[in-house]
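S.K.: Sharing a structure here in structure tokens format.
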Amino acid sequence: MQFFSAVTGLYLASMAVAAPADIQPRQGPTAVSTIDTSINALVPTVPRYASAIQSSVATIQQSTSVQTEIVIAAEAAINANLGVIISSLNDTVNTIVAVTINATGGVIVAAQGLAQADINQLQSDIAILENIIASFNATLTATASLEASVRATYQAEVTAFANLLQPFINPIILFAQAAIAVTAGASVTGLAVATVGLQSIANNFYQSVGLPASA
């Protein structure tokens, strides 16, 4: 995380110098619209499967033995629902990366020419993503009371989510920071606050599960 924070300023500064002076009119979906579509696709998915995980946790907590068929089925359900959440995030990573840090001309070019409506939309999408991560973290926190042998059955999925989370939010953060750096004539204060908040919520997740952030 410290490495990511340290290189961000240098990366954006170098890209700003390298960006071409003449920006061609954009064709097709913009980075903001792609981020918006990608994040909103997660809205019905993550809460639904997180709720299913909570139901499975309640089933296990009500059982008197961790070896019953009901508990074993609930453990399998937790694994399956975590897998769907991970798959949903994974499906969007490459899409977001392609229109931000891997965009033609780099992230600075991708972030140029944004209107106030774009800035507001990006800020709103980051807030949605913050809520999704916080909700998922709360779901995992609810599993902390389960026996260690039960938690071990889905630890691989928790680790997989942890390994994916930082690479998922990094391009969004870099794009937002680039937009803040190059946008003139629009208020970006709220976006700056949202960007810091997104990383903070991700850090809270890593701390709660006892895993390091994956760059």
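Throughout, read-outs are computed from the coordinates displayed, never taken from laboratory work. Nothing here was measured: the structure is a model prediction, and the numbers come from that model. A quick note on method: Cβ atoms are made from the backbone with ideal geometry, for glycine too, and the neighbour counts reach across all protein chains shown.
S.K.: Modelled label-to-label distance, Glu69 and Gln207, 7 Å Cα→beta-carbon offset: nm?
M.R.: 4.5
S.K.: Now, a different point. Once label points are set 7 Å from the Cα along Cα→Cβ at both Ala41 and Val196, what is their separation, rounded to one decimal in nm?
M.R.: Modelled inter-label distance: 3.2 nm.
S.K.: How do Ile85, Ile78 line up, fewest other C-beta atoms within 10 Å first?
M.R.: Ile85, Ile78
S.K.: Let me ask something additional. Please give the FRET efficiency for Val93 paired with Ala186, using the beta carbon to beta carbon distance and R0 = 22 Å, rounded to the nearest 0.05.
M.R.: With R0 = 22 Å, the Cβ-Cβ based efficiency is 0.20.
S.K.: Under the definition of Cα pairs under 8 Å and six or more residues apart, what whole-number percent is the relative contact order of the chain?
M.R.: Relative CO of the chain lands at 29 percent.
S.K.: Something else about it: Taking the Cβ of each residue in Ile70, Ile101 as the centre, tally the other Cβ atoms inside 10 Å and list the residues starting with the fewest.
M.R.: Fewest to most other Cβ atoms nearby, the residues stand as Ile70, Ile101.
S.K.: Right, here's the next one. When each pair of different Cα atoms in the range 155-215 is counted once in the 1/r mean, what is the Kirkwood radius in angstroms, to one decimal?
M.R.: 12.6
S.K.: Under DSSP H, which helices of the chain have Cα atoms covering 15 Å or more of the helix axis and a Kyte-Doolittle average no less than 1.0?
M.R.: 2-18, 69-99, 155-182
S.K.: While we're looking at this one, here's another question. How many percent of Cα pairs in the range 30-209 exceed 26 Å?
M.R.: Of all Cα-Cα pairs in the range 30-209, 36 percent lie more than 26 Å apart.
S.K.: Based only on other Cβ atoms within 10 Å, what is the fewest-to-most ordering of Glu75, Glu130, Glu147?
M.R.: Lowest to highest Cβ neighbour count: Glu147, Glu130, Glu75.
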